[in-house]
1. Test Y369 against the stated conditions and say whether it is open to solvent by 80 Å² or more (accessible area, probe 1.4 Å), part of a helix (DSSP H, G or I) and in contact with a helix residue (DSSP H, G or I) (Cβ under 6 Å, 6 or more places away or on another chain).
2. Those residues that are closer than 11 Å to I452 by Cβ and assigned to a helix (DSSP H, G or I), I need them from the range 403-426; list them, please.
3. Of all the strands (runs of 3 or more DSSP E) wholly in the range 164-268, which have at least 2 residues that are of a type in the set (V, I, T)?
4. Among the residues of the range 463-476, is any assigned to a helix (DSSP H, G or I), crowded, with 22+ Cβ neighbours inside 10 Å, modelled with pLDDT under 90 and not aromatic (F, W, Y)?
5. Within the group S175, S161, which residue is surrounded by 24 or more Cβ atoms within 10 Å (Cβ to Cβ), more than 18 Å from L207 (Cα to Cα) and not aliphatic (A, V, I, L, M)?
6. Inspect all residues belonging to the range 234-244 and state whether any of them is touching a residue at least 12 places away in the same chain (Cβ under 8 Å), under 30 Å from S363 (Cβ atoms) and β-branched (V, I, T).
7. Tell me, yes or no, whether the range 145-152 has at least one residue that is over 27 Å from Q111 (Cβ atoms), more than 16 Å from the chain's Cα centre (by Cα) and touching a residue at least 12 places away in the same chain (Cβ under 8 Å).
8. What number of residues within the range 411-446 are surrounded by 19 or more Cβ atoms within 10 Å (Cβ to Cβ) and within 13 Å of S129 (Cβ to Cβ)?
Amino acid sequence: MQKIKNHAEELASQIRDGSFKAVDAVESSLDKIQKKNSALNAIISTLNERALDRAQQIDKATTRNGKLFGVPVVVKDNFCVEGSQTTAGSKILKGFVSNYSATVIERLEAQGAVVIAKANMDEFAMGSSNENSAYGAVKNPWNEACVPGGSSGGSAAAVASEMAPIALGTDTGGSIRLPAHYCGVYGLKPTYGRVSRYGIVAFASSLDQAGPMARSVRDLSLAYDSVAGFDHKDSTTYTETAVDTYSKLTSNIKGKRIGVVTSHIENVDQNNKELITKAIDTLKSLGATVVEIDLPYTENSISVYYMIATSEASSNLARYDGIRYGVRAEGATLDELYENSRGLGFGPEVKRRIMLGTYALSSGYYDAYYKKACQVRRLIKNGFQAAFEKCDLIVGPVATSSAFKLTERSQDPLKMYLNDIYTTSINLAGLPALSAPIGIQKDGLPVGLHLIAKAYDEQVLLNVALSLEEALPGFERTAGVRG
(Lines give C-alpha, C1' and ligand atoms only; values in the text may rest on other atoms or scores of the structure.)
Protein backbone atom coordinates (compact mmCIF):
# COMPACT_ATOMS: atom_id res chain seq x y z
CA MET A 1 0.00 0.00 0.00
CA GLN A 2 1.32 3.44 -0.92
CA LYS A 3 1.51 6.09 1.80
CA ILE A 4 -1.28 8.67 1.52
CA LYS A 5 -0.20 12.18 0.55
CA ASN A 6 -0.48 14.89 3.17
CA HIS A 7 -2.81 17.24 1.31
CA ALA A 8 -5.95 16.74 -0.80
CA GLU A 9 -4.71 19.04 -3.58
CA GLU A 10 -1.64 16.88 -4.27
CA LEU A 11 -3.45 13.59 -3.70
CA ALA A 12 -6.29 14.41 -6.14
CA SER A 13 -3.76 15.49 -8.77
CA GLN A 14 -1.83 12.21 -8.49
CA ILE A 15 -4.97 10.06 -8.60
CA ARG A 16 -6.18 11.97 -11.67
CA ASP A 17 -2.91 11.34 -13.54
CA GLY A 18 -2.84 7.69 -12.45
CA SER A 19 0.36 7.82 -10.36
CA PHE A 20 -1.61 7.05 -7.20
CA LYS A 21 -4.68 4.83 -6.71
CA ALA A 22 -7.86 5.90 -4.96
CA VAL A 23 -8.10 2.44 -3.38
CA ASP A 24 -4.68 2.92 -1.76
CA ALA A 25 -5.70 6.34 -0.46
CA VAL A 26 -8.90 4.98 1.06
CA GLU A 27 -7.20 1.91 2.57
CA SER A 28 -4.48 4.12 4.06
CA SER A 29 -7.05 6.40 5.70
CA LEU A 30 -9.10 3.48 7.03
CA ASP A 31 -5.88 1.95 8.43
CA LYS A 32 -5.08 5.20 10.25
CA ILE A 33 -8.58 5.31 11.72
CA GLN A 34 -8.19 1.75 12.97
CA LYS A 35 -4.86 2.59 14.63
CA LYS A 36 -5.71 5.99 16.11
CA ASN A 37 -9.39 5.94 16.93
CA SER A 38 -9.07 3.89 20.11
CA ALA A 39 -7.10 6.83 21.60
CA LEU A 40 -9.12 9.71 20.11
CA ASN A 41 -12.69 8.37 19.71
CA ALA A 42 -13.04 10.74 16.74
CA ILE A 43 -15.06 8.33 14.58
CA ILE A 44 -18.47 6.79 15.30
CA SER A 45 -18.64 4.54 12.23
CA THR A 46 -16.61 3.73 9.13
CA LEU A 47 -18.06 3.08 5.67
CA ASN A 48 -15.46 0.53 4.53
CA GLU A 49 -17.44 -1.40 1.92
CA ARG A 50 -19.13 1.67 0.43
CA ALA A 51 -15.84 3.62 0.34
CA LEU A 52 -13.76 0.84 -1.21
CA ASP A 53 -16.42 0.12 -3.87
CA ARG A 54 -16.44 3.79 -4.78
CA ALA A 55 -12.63 4.00 -4.84
CA GLN A 56 -12.47 1.03 -7.24
CA GLN A 57 -14.95 2.78 -9.55
CA ILE A 58 -12.83 5.93 -9.47
CA ASP A 59 -9.67 4.00 -10.37
CA LYS A 60 -11.47 2.48 -13.39
CA ALA A 61 -13.06 5.77 -14.54
CA THR A 62 -12.17 6.97 -18.03
CA THR A 63 -13.16 10.58 -17.23
CA ARG A 64 -10.67 11.64 -14.58
CA ASN A 65 -11.67 15.04 -13.31
CA GLY A 66 -13.11 16.50 -10.11
CA LYS A 67 -11.66 18.83 -7.51
CA LEU A 68 -11.34 16.05 -4.93
CA PHE A 69 -10.83 13.08 -7.25
CA GLY A 70 -10.28 10.00 -5.05
CA VAL A 71 -9.71 12.02 -1.85
CA PRO A 72 -10.90 10.36 1.41
CA VAL A 73 -13.24 12.60 3.42
CA VAL A 74 -14.66 12.27 6.93
CA VAL A 75 -18.09 13.83 7.60
CA LYS A 76 -19.75 14.73 10.88
CA ASP A 77 -22.41 12.23 11.87
CA ASN A 78 -25.27 14.67 11.32
CA PHE A 79 -24.90 14.46 7.51
CA CYS A 80 -27.14 11.83 5.90
CA VAL A 81 -25.20 9.42 3.71
CA GLU A 82 -27.36 6.98 1.74
CA GLY A 83 -27.28 3.49 3.22
CA SER A 84 -25.33 4.44 6.35
CA GLN A 85 -26.26 5.03 9.97
CA THR A 86 -26.71 8.68 11.00
CA THR A 87 -26.84 9.21 14.78
CA ALA A 88 -26.12 12.95 15.31
CA GLY A 89 -24.22 11.73 18.37
CA SER A 90 -27.50 10.68 20.04
CA LYS A 91 -28.90 7.40 21.33
CA ILE A 92 -32.33 8.39 20.04
CA LEU A 93 -31.14 7.96 16.43
CA LYS A 94 -29.12 4.80 17.01
CA GLY A 95 -29.88 2.37 14.19
CA PHE A 96 -31.37 5.02 11.88
CA VAL A 97 -30.17 4.36 8.33
CA SER A 98 -30.70 7.15 5.82
CA ASN A 99 -32.22 6.28 2.43
CA TYR A 100 -30.77 9.39 0.78
CA SER A 101 -27.66 11.58 0.92
CA ALA A 102 -27.43 15.23 1.94
CA THR A 103 -26.84 17.68 -0.91
CA VAL A 104 -23.30 18.42 0.31
CA ILE A 105 -22.49 14.68 0.24
CA GLU A 106 -23.79 14.40 -3.34
CA ARG A 107 -21.68 17.41 -4.32
CA LEU A 108 -18.53 16.06 -2.67
CA GLU A 109 -19.00 12.76 -4.49
CA ALA A 110 -19.68 14.58 -7.77
CA GLN A 111 -16.18 16.04 -7.39
CA GLY A 112 -14.71 12.56 -6.84
CA ALA A 113 -14.43 12.58 -3.03
CA VAL A 114 -14.84 9.31 -1.12
CA VAL A 115 -16.71 9.47 2.19
CA ILE A 116 -14.93 7.00 4.49
CA ALA A 117 -16.32 7.65 7.97
CA LYS A 118 -18.82 9.50 10.16
CA ALA A 119 -17.24 11.66 12.86
CA ASN A 120 -18.17 11.83 16.54
CA MET A 121 -19.91 15.01 17.71
CA ASP A 122 -21.77 16.58 20.61
CA GLU A 123 -25.34 15.23 20.67
CA PHE A 124 -27.38 17.11 18.03
CA ALA A 125 -24.40 19.54 17.76
CA MET A 126 -25.13 20.93 21.23
CA GLY A 127 -21.78 21.56 22.87
CA SER A 128 -18.48 23.38 22.76
CA SER A 129 -16.18 20.61 23.99
CA ASN A 130 -17.41 17.37 22.36
CA GLU A 131 -18.10 15.85 25.78
CA ASN A 132 -21.87 15.54 25.17
CA SER A 133 -21.84 12.64 22.69
CA ALA A 134 -23.75 9.46 23.50
CA TYR A 135 -20.71 7.67 22.03
CA GLY A 136 -18.19 9.15 24.47
CA ALA A 137 -15.96 12.21 24.51
CA VAL A 138 -13.50 12.93 21.69
CA LYS A 139 -9.85 13.54 22.73
CA ASN A 140 -7.62 16.28 21.39
CA PRO A 141 -4.83 14.82 19.15
CA TRP A 142 -2.33 17.35 20.55
CA ASN A 143 -3.02 16.36 24.16
CA GLU A 144 -5.43 13.52 24.88
CA ALA A 145 -6.22 14.98 28.32
CA CYS A 146 -7.81 18.00 26.61
CA VAL A 147 -11.04 18.57 24.70
CA PRO A 148 -10.95 18.95 20.89
CA GLY A 149 -13.71 21.59 20.95
CA GLY A 150 -17.26 21.08 19.80
CA SER A 151 -19.47 20.22 18.35
CA SER A 152 -17.45 19.17 15.26
CA GLY A 153 -14.61 17.87 17.44
CA GLY A 154 -14.50 14.46 15.77
CA SER A 155 -14.05 16.07 12.34
CA ALA A 156 -11.26 18.36 13.59
CA ALA A 157 -9.47 15.53 15.42
CA ALA A 158 -9.69 13.33 12.29
CA VAL A 159 -8.02 16.01 10.15
CA ALA A 160 -5.39 16.95 12.76
CA SER A 161 -4.38 13.31 13.23
CA GLU A 162 -4.22 12.70 9.45
CA MET A 163 -7.08 10.21 9.30
CA ALA A 164 -8.20 12.20 6.24
CA PRO A 165 -7.06 15.42 4.53
CA ILE A 166 -10.54 16.96 4.68
CA ALA A 167 -13.59 16.74 6.91
CA LEU A 168 -17.01 18.35 6.96
CA GLY A 169 -18.54 19.89 10.06
CA THR A 170 -21.47 22.11 10.95
CA ASP A 171 -21.38 25.44 12.78
CA THR A 172 -24.40 26.75 14.71
CA GLY A 173 -22.54 28.93 17.24
CA GLY A 174 -18.86 28.17 16.63
CA SER A 175 -18.88 24.40 16.10
CA ILE A 176 -16.40 24.44 13.21
CA ARG A 177 -14.19 27.31 14.36
CA LEU A 178 -13.73 26.26 18.00
CA PRO A 179 -12.54 22.71 17.16
CA ALA A 180 -10.34 24.10 14.38
CA HIS A 181 -8.75 26.49 16.93
CA TYR A 182 -8.24 23.76 19.54
CA CYS A 183 -6.91 21.17 17.07
CA GLY A 184 -4.67 23.40 14.91
CA VAL A 185 -6.50 23.02 11.58
CA TYR A 186 -8.34 25.38 9.26
CA GLY A 187 -12.12 25.60 9.66
CA LEU A 188 -14.49 27.66 7.52
CA LYS A 189 -18.02 28.62 8.53
CA PRO A 190 -19.54 29.97 5.27
CA THR A 191 -22.16 32.71 4.99
CA TYR A 192 -25.62 31.47 6.01
CA GLY A 193 -27.20 30.29 2.76
CA ARG A 194 -23.95 29.53 0.91
CA VAL A 195 -24.15 25.79 1.57
CA SER A 196 -27.31 23.68 1.46
CA ARG A 197 -28.65 22.32 4.74
CA TYR A 198 -30.73 19.66 2.98
CA GLY A 199 -30.03 16.26 4.53
CA ILE A 200 -28.33 17.63 7.65
CA VAL A 201 -29.90 16.84 11.03
CA ALA A 202 -31.22 20.21 12.23
CA PHE A 203 -30.29 21.88 15.52
CA ALA A 204 -31.27 25.57 15.03
CA SER A 205 -32.40 26.18 11.47
CA SER A 206 -31.70 29.94 11.25
CA LEU A 207 -28.13 29.42 12.52
CA ASP A 208 -26.93 26.02 11.20
CA GLN A 209 -24.35 26.05 8.42
CA ALA A 210 -22.09 23.32 7.00
CA GLY A 211 -18.44 23.93 6.20
CA PRO A 212 -15.06 22.25 5.59
CA MET A 213 -11.99 21.63 7.75
CA ALA A 214 -8.51 20.96 6.35
CA ARG A 215 -4.76 21.20 7.03
CA SER A 216 -4.09 23.81 4.33
CA VAL A 217 -5.90 26.81 2.89
CA ARG A 218 -5.82 25.35 -0.63
CA ASP A 219 -7.54 22.16 0.56
CA LEU A 220 -10.08 24.23 2.47
CA SER A 221 -10.83 26.24 -0.67
CA LEU A 222 -11.23 23.11 -2.82
CA ALA A 223 -13.65 21.57 -0.33
CA TYR A 224 -15.63 24.79 0.03
CA ASP A 225 -15.95 25.25 -3.74
CA SER A 226 -17.15 21.65 -4.01
CA VAL A 227 -20.11 22.03 -1.65
CA ALA A 228 -21.20 25.70 -2.01
CA GLY A 229 -23.97 26.96 -4.28
CA PHE A 230 -27.72 27.16 -4.79
CA ASP A 231 -29.85 24.13 -3.99
CA HIS A 232 -33.53 24.02 -4.92
CA LYS A 233 -34.09 21.65 -1.97
CA ASP A 234 -33.09 24.40 0.50
CA SER A 235 -35.00 27.66 0.03
CA THR A 236 -32.50 29.58 2.18
CA THR A 237 -29.58 29.03 -0.22
CA TYR A 238 -28.16 31.99 -2.14
CA THR A 239 -28.95 32.09 -5.85
CA GLU A 240 -25.34 31.82 -7.09
CA THR A 241 -25.02 28.33 -8.55
CA ALA A 242 -21.24 27.86 -8.59
CA VAL A 243 -18.46 29.20 -6.40
CA ASP A 244 -14.78 29.38 -7.37
CA THR A 245 -12.39 30.65 -4.70
CA TYR A 246 -9.54 28.26 -5.58
CA SER A 247 -8.57 29.88 -8.88
CA LYS A 248 -8.67 33.33 -7.23
CA LEU A 249 -6.49 32.49 -4.22
CA THR A 250 -3.76 35.04 -3.58
CA SER A 251 -1.56 35.85 -0.62
CA ASN A 252 -1.25 39.47 -1.74
CA ILE A 253 -3.21 41.40 0.90
CA LYS A 254 -1.60 44.79 0.38
CA GLY A 255 -4.09 47.56 1.09
CA LYS A 256 -6.57 45.39 2.97
CA ARG A 257 -8.09 47.10 6.00
CA ILE A 258 -8.09 44.81 9.05
CA GLY A 259 -10.59 45.67 11.81
CA VAL A 260 -9.62 44.89 15.40
CA VAL A 261 -11.66 45.15 18.62
CA THR A 262 -8.88 45.75 21.14
CA SER A 263 -10.94 44.70 24.17
CA HIS A 264 -11.52 41.24 22.64
CA ILE A 265 -7.77 40.61 22.46
CA GLU A 266 -7.17 42.03 25.95
CA ASN A 267 -9.63 39.50 27.41
CA VAL A 268 -7.86 36.31 26.27
CA ASP A 269 -5.08 34.51 28.14
CA GLN A 270 -1.51 35.71 27.73
CA ASN A 271 -0.33 32.85 25.48
CA ASN A 272 -3.17 33.41 23.00
CA LYS A 273 -2.72 37.17 23.18
CA GLU A 274 0.97 36.97 22.22
CA LEU A 275 0.30 34.79 19.18
CA ILE A 276 -2.70 36.86 18.03
CA THR A 277 -0.67 40.07 18.34
CA LYS A 278 2.17 38.48 16.36
CA ALA A 279 -0.27 37.43 13.61
CA ILE A 280 -1.72 40.95 13.37
CA ASP A 281 1.81 42.39 13.16
CA THR A 282 2.51 39.89 10.36
CA LEU A 283 -0.54 41.11 8.44
CA LYS A 284 0.70 44.69 8.82
CA SER A 285 4.14 43.70 7.53
CA LEU A 286 2.42 42.24 4.45
CA GLY A 287 0.83 45.58 3.60
CA ALA A 288 -2.48 45.50 5.44
CA THR A 289 -3.59 48.41 7.59
CA VAL A 290 -5.14 47.88 11.01
CA VAL A 291 -8.10 49.99 12.15
CA GLU A 292 -9.76 50.03 15.54
CA ILE A 293 -13.47 49.18 15.38
CA ASP A 294 -16.34 48.74 17.77
CA LEU A 295 -18.95 45.96 17.73
CA PRO A 296 -21.83 47.17 19.89
CA TYR A 297 -24.27 44.65 21.35
CA THR A 298 -21.95 41.68 20.77
CA GLU A 299 -21.62 41.42 24.56
CA ASN A 300 -25.26 40.27 24.42
CA SER A 301 -24.59 37.58 21.84
CA ILE A 302 -24.35 34.66 24.30
CA SER A 303 -27.76 35.33 25.87
CA VAL A 304 -29.37 36.08 22.49
CA TYR A 305 -27.83 33.01 20.89
CA TYR A 306 -28.89 30.60 23.61
CA MET A 307 -32.45 32.01 23.58
CA ILE A 308 -32.84 31.65 19.80
CA ALA A 309 -30.89 28.40 19.40
CA THR A 310 -32.71 26.57 22.20
CA SER A 311 -36.10 27.80 20.98
CA GLU A 312 -35.46 26.49 17.48
CA ALA A 313 -34.03 23.25 18.90
CA SER A 314 -37.13 22.62 21.02
CA SER A 315 -39.20 22.86 17.83
CA ASN A 316 -36.85 20.85 15.59
CA LEU A 317 -36.37 18.01 18.08
CA ALA A 318 -40.12 17.57 18.64
CA ARG A 319 -40.06 15.08 15.76
CA TYR A 320 -38.08 12.53 17.81
CA ASP A 321 -40.98 10.85 19.59
CA GLY A 322 -40.23 7.14 19.34
CA ILE A 323 -42.65 6.64 16.45
CA ARG A 324 -40.67 7.43 13.31
CA TYR A 325 -37.00 7.41 14.31
CA GLY A 326 -34.60 5.33 16.38
CA VAL A 327 -35.22 4.50 20.02
CA ARG A 328 -38.71 3.56 21.20
CA ALA A 329 -39.62 2.89 24.83
CA GLU A 330 -42.88 1.25 25.78
CA GLY A 331 -45.70 3.14 27.50
CA ALA A 332 -49.30 2.42 28.58
CA THR A 333 -50.55 5.45 26.60
CA LEU A 334 -49.29 7.35 23.57
CA ASP A 335 -48.18 10.28 25.77
CA GLU A 336 -46.30 7.89 28.03
CA LEU A 337 -44.59 6.31 25.00
CA TYR A 338 -43.46 9.80 23.87
CA GLU A 339 -42.20 10.71 27.35
CA ASN A 340 -40.37 7.43 27.90
CA SER A 341 -38.80 7.43 24.42
CA ARG A 342 -37.52 11.01 24.70
CA GLY A 343 -36.40 10.49 28.29
CA LEU A 344 -34.42 7.42 27.29
CA GLY A 345 -33.07 8.73 23.99
CA PHE A 346 -31.92 12.29 24.77
CA GLY A 347 -28.86 13.14 26.88
CA PRO A 348 -28.74 15.74 29.71
CA GLU A 349 -27.52 18.70 27.61
CA VAL A 350 -30.17 18.17 24.94
CA LYS A 351 -32.90 17.93 27.60
CA ARG A 352 -31.61 21.14 29.22
CA ARG A 353 -31.77 23.05 25.94
CA ILE A 354 -35.21 21.68 24.98
CA MET A 355 -36.57 22.85 28.35
CA LEU A 356 -35.00 26.30 27.96
CA GLY A 357 -36.37 26.70 24.44
CA THR A 358 -39.83 25.38 25.27
CA TYR A 359 -40.08 27.82 28.18
CA ALA A 360 -39.00 30.76 25.98
CA LEU A 361 -41.66 29.93 23.38
CA SER A 362 -44.46 29.29 25.85
CA SER A 363 -47.55 31.48 26.04
CA GLY A 364 -46.95 34.61 28.11
CA TYR A 365 -43.15 34.50 27.75
CA TYR A 366 -42.66 34.57 23.97
CA ASP A 367 -42.52 38.39 23.68
CA ALA A 368 -40.29 38.81 26.72
CA TYR A 369 -37.70 36.26 25.63
CA TYR A 370 -37.75 34.97 22.04
CA LYS A 371 -39.09 38.15 20.39
CA LYS A 372 -36.72 40.35 22.40
CA ALA A 373 -33.78 38.10 21.44
CA CYS A 374 -34.68 38.42 17.75
CA GLN A 375 -34.75 42.23 18.08
CA VAL A 376 -31.28 42.32 19.65
CA ARG A 377 -30.07 39.93 16.93
CA ARG A 378 -30.94 42.63 14.39
CA LEU A 379 -28.90 45.18 16.35
CA ILE A 380 -25.90 42.83 16.41
CA LYS A 381 -26.14 42.43 12.63
CA ASN A 382 -26.41 46.21 12.18
CA GLY A 383 -23.24 46.60 14.27
CA PHE A 384 -21.27 44.35 11.92
CA GLN A 385 -22.59 46.22 8.86
CA ALA A 386 -21.39 49.52 10.35
CA ALA A 387 -17.98 48.01 11.16
CA PHE A 388 -17.51 46.77 7.60
CA GLU A 389 -17.81 50.34 6.32
CA LYS A 390 -14.40 50.89 7.96
CA CYS A 391 -12.66 47.59 7.16
CA ASP A 392 -12.53 44.65 4.75
CA LEU A 393 -12.41 41.99 7.44
CA ILE A 394 -12.20 41.63 11.20
CA VAL A 395 -9.62 39.57 13.13
CA GLY A 396 -9.56 38.49 16.77
CA PRO A 397 -9.62 35.50 19.10
CA VAL A 398 -11.70 32.37 18.49
CA ALA A 399 -11.93 31.64 22.22
CA THR A 400 -10.50 33.01 25.45
CA SER A 401 -7.94 30.18 25.72
CA SER A 402 -6.56 27.15 23.96
CA ALA A 403 -8.00 23.66 24.59
CA PHE A 404 -8.97 23.05 28.22
CA LYS A 405 -8.92 19.78 30.16
CA LEU A 406 -11.66 17.18 29.77
CA THR A 407 -14.42 17.54 32.44
CA GLU A 408 -12.95 20.92 33.55
CA ARG A 409 -16.10 22.84 32.54
CA SER A 410 -18.67 20.10 31.93
CA GLN A 411 -20.34 20.53 35.34
CA ASP A 412 -20.80 24.28 34.87
CA PRO A 413 -23.11 24.96 31.87
CA LEU A 414 -22.81 28.76 32.13
CA LYS A 415 -19.00 28.60 32.09
CA MET A 416 -19.19 26.27 29.10
CA TYR A 417 -21.61 28.56 27.24
CA LEU A 418 -19.27 31.55 27.78
CA ASN A 419 -16.72 29.58 25.78
CA ASP A 420 -18.69 30.66 22.69
CA ILE A 421 -18.42 34.38 23.41
CA TYR A 422 -16.46 35.29 20.23
CA THR A 423 -18.20 32.92 17.83
CA THR A 424 -21.97 33.09 18.37
CA SER A 425 -22.38 36.69 17.13
CA ILE A 426 -21.16 35.58 13.68
CA ASN A 427 -23.95 33.01 13.36
CA LEU A 428 -26.52 35.52 14.60
CA ALA A 429 -25.38 37.94 11.86
CA GLY A 430 -25.14 35.15 9.23
CA LEU A 431 -21.56 36.08 8.29
CA PRO A 432 -18.66 33.92 7.04
CA ALA A 433 -15.75 33.29 9.40
CA LEU A 434 -12.61 31.16 9.49
CA SER A 435 -10.25 29.86 12.15
CA ALA A 436 -6.64 29.85 10.89
CA PRO A 437 -3.87 28.18 12.94
CA ILE A 438 -1.16 30.73 13.79
CA GLY A 439 1.15 28.95 16.19
CA ILE A 440 1.77 26.67 19.14
CA GLN A 441 1.78 28.06 22.65
CA LYS A 442 4.24 27.05 25.36
CA ASP A 443 2.19 24.09 26.61
CA GLY A 444 2.19 22.56 23.12
CA LEU A 445 -1.41 23.39 22.19
CA PRO A 446 -2.31 25.19 18.94
CA VAL A 447 -3.94 28.63 18.66
CA GLY A 448 -6.16 29.91 15.87
CA LEU A 449 -6.94 33.41 14.62
CA HIS A 450 -10.59 34.30 13.99
CA LEU A 451 -11.18 35.97 10.60
CA ILE A 452 -14.62 37.47 9.88
CA ALA A 453 -15.83 38.94 6.56
CA LYS A 454 -18.86 40.53 4.96
CA ALA A 455 -21.62 38.22 3.77
CA TYR A 456 -20.59 36.15 0.72
CA ASP A 457 -16.96 37.32 0.86
CA GLU A 458 -15.34 34.00 1.75
CA GLN A 459 -12.61 34.86 -0.78
CA VAL A 460 -11.05 37.52 1.45
CA LEU A 461 -11.01 35.08 4.38
CA LEU A 462 -9.18 32.45 2.35
CA ASN A 463 -6.72 34.98 0.88
CA VAL A 464 -5.76 36.41 4.27
CA ALA A 465 -5.50 32.91 5.75
CA LEU A 466 -3.20 31.95 2.84
CA SER A 467 -1.00 34.99 3.50
CA LEU A 468 -0.60 33.90 7.13
CA GLU A 469 0.04 30.29 6.13
CA GLU A 470 2.92 31.40 3.90
CA ALA A 471 4.27 34.05 6.30
CA LEU A 472 4.40 31.99 9.49
CA PRO A 473 7.04 29.35 8.64
CA GLY A 474 8.01 26.51 10.89
CA PHE A 475 4.55 25.86 12.28
CA GLU A 476 3.85 22.15 11.99
CA ARG A 477 0.11 21.79 11.44
CA THR A 478 -0.19 18.09 12.17
CA ALA A 479 -0.68 16.80 15.69
CA GLY A 480 1.95 14.35 16.88
CA VAL A 481 -0.60 11.72 17.84
CA ARG A 482 0.72 8.19 18.13
CA GLY A 483 -0.22 5.54 15.61
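1. On the way: open to solvent by 80 Å² or more (accessible area, probe 1.4 Å): yes; part of a helix (DSSP H, G or I): yes; in contact with a helix residue (DSSP H, G or I) (Cβ under 6 Å, 6 or more places away or on another chain): yes.
It is true that Y369 is open to solvent by 80 Å² or more (accessible area, probe 1.4 Å), part of a helix (DSSP H, G or I) and in contact with a helix residue (DSSP H, G or I) (Cβ under 6 Å, 6 or more places away or on another chain).
2. Keep residues of the range 403-426 that are closer than 11 Å to I452 by Cβ, which gives 422-423, 425-426.
Listed by number, the residues that qualify are S425, I426.
3. Filter on the range 164-268 gives 166-170, 257-260.
4. No, the conditions are met nowhere in the range 463-476.
5. S161
6. yes
7. Yes; the residues of the range 145-152 include at least one that is over 27 Å from Q111 (Cβ atoms), more than 16 Å from the chain's Cα centre (by Cα) and touching a residue at least 12 places away in the same chain (Cβ under 8 Å).
8. Residues flagged as surrounded by 19 or more Cβ atoms within 10 Å (Cβ to Cβ) and within 13 Å of S129 (Cβ to Cβ) within the range 411-446 amount to 3.
The values are calculated or read from the model by the stated rules, or taken from the named source; none is laboratory data. Source: prediction; values computed, not measured. Using ideal geometry, Cβ is built from the backbone for each residue, glycine included, and neighbour counts are taken over all protein chains shown. These area figures cover heavy atoms from the full protein model, side chains too; ligands, DNA and RNA do not enter into them. Shrake-Rupley method; radii C 1.70, N 1.55, O 1.52, S 1.80 Å.
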